[in-house]
Amino acid sequence: MLEIRNLSQYYGEFCALKDISFDLGENEILGIIGQNGAGKTTLINSITGLGGRPSGTVRLDGTDILGKRPDTIARLGVARTFQNLRIFRGMTVREHLLVAQNRKLSPGRKLLPNFRNTEDAGVDALLEFFDILRFRDDDAEGLSYGDRRRVEMARALAGSPKLLILDEPGAGMNEQESEVLASQIREIRERFHTAIILIEHDMSIIRACCERIIVLDHGQKIAEGSFEQIAADREVQRAYLGEEDA
Ligand SMILES: Nc1ncnc2c1ncn2[C@@H]1O[C@H](COP(=O)(O)OP(=O)(O)OP(=O)(O)O)[C@@H](O)[C@H]1O
Ligand SMILES: [Mg+2]
């Protein structure tokens, strides 16, 4: 469903992404890992129409989306969360989801049966899924960091995306929360029938969720494969050991 070919992104002379190519199938969970500054966020920013002037090809179900506006890409069915949370000021948790939900009416995309009744039923089901239903009418800004992360994920799903992109959803979570998150991510795929791109530093989450992983290093794809394959990859080991040496 997603086809990326020779995607590059320069900031002036600096090459943040170089000739990245990969595919993503429907219902697949793809992990993207790499050191700080490797280009992970830049990659998904390029896919979602945020920042810079990327070159190459990004096709979503055959439609070229590279260079399209973020809201256009969202309407085509791509939703994301942000590494630095984007919670709206003065809005309740419920309102965050309703805003996203009202954008979901993209052509050819059917609502799931249990989300068909009323908007609020859909919102409540999502909030319950992320265990934040009790905060429904609270100001989202007042929630804990972990709960605000969950609001972001619920908001992204409220638009019934066919592709969900998560930028470090496990950041700041403890071990137990990370375990819950990993099983939620797998469950999202089953329940909401969405493909997922997962950027994560927490290897336990990556290992638990992703059947395929891409490793970025200095803007380049240095490996792609299963967790076992990339863990055994010499170049990946070198890229990661480099940090321990520093
Ligand atoms: N708008 C920008 N202008 C100039 N350089 C940028 C810009 N955005 C990102 N960069 C640079 O591009 C490189 C990749 O950054 P990016 O944020 O994609 O890394 P990342 O892999 O997401 O890292 P992290 O794990 O820390 O989130 C970094 O060197 C960063 O400084
Ligand atoms: Mg990042």
Please work out which residue is surrounded by the fewest Cβ atoms within 10 Å (Cβ to Cβ), limiting yourself to the range 6-52 and to residues that are in a helix (DSSP H, G or I) and within 10 Å of ligand 2 (Cβ to nearest atom). THR41
Checked the range 8-26 for anything touching a residue at least 12 places away in the same chain (Cβ under 8 Å) and not hydroxyl-bearing (Ser, Thr, Tyr); matches are GLN9, CYS15, ALA16, LEU17, LYS18, ASP19, ILE20, PHE22, ASP23, LEU24, GLY25, GLU26
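Yes/no per residue for (1) assigned by TED's automatic domain parsing to the domain that holds ILE4; (2) outside any helix (DSSP H, G or I); (3) polar (S, T, N, Q); (4) buried (at least 23 other Cβ atoms within 10 Å of the Cβ):
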position	(1), (2), (3), (4)
ARG148	no, no, no, no
LEU157	no, no, no, yes
PRO169	yes, yes, no, yes
SER178	yes, no, yes, no
LEU181	yes, no, no, yes
ILE185	yes, no, no, no
ILE188	yes, no, no, no
LEU198	yes, yes, no, yes
ILE213	yes, yes, no, yes
How many of the residues making up the range 166-177 are away from ligand 1 (no atom under 16 Å from the Cβ) and within 17 Å of ILE32 (Cα to Cα)? 0
Given the criteria outside any helix (DSSP H, G or I), at pLDDT below 90 and under 20 Å from the mean Cα position of the chain (by Cα), does ARG109 qualify? yes
Between a residue in the range 27-38 that is on the phi > 0 side of the Ramachandran plot and any residue that is away from ligand 2 (no atom under 16 Å from the Cβ) and in a strand (DSSP E or B), which pairs come within a Cβ distance under 8 Å, given they are 6 or more apart or on different chains? ASN27/ALA195
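The values are calculated or read from the model by the stated rules, or taken from the named source; none is laboratory data. Note that this is a predicted model, so its numbers are computed, not measured. With ideal geometry, Cβ positions are generated from the backbone for all residues, glycine too; neighbour counts draw on all protein chains shown.
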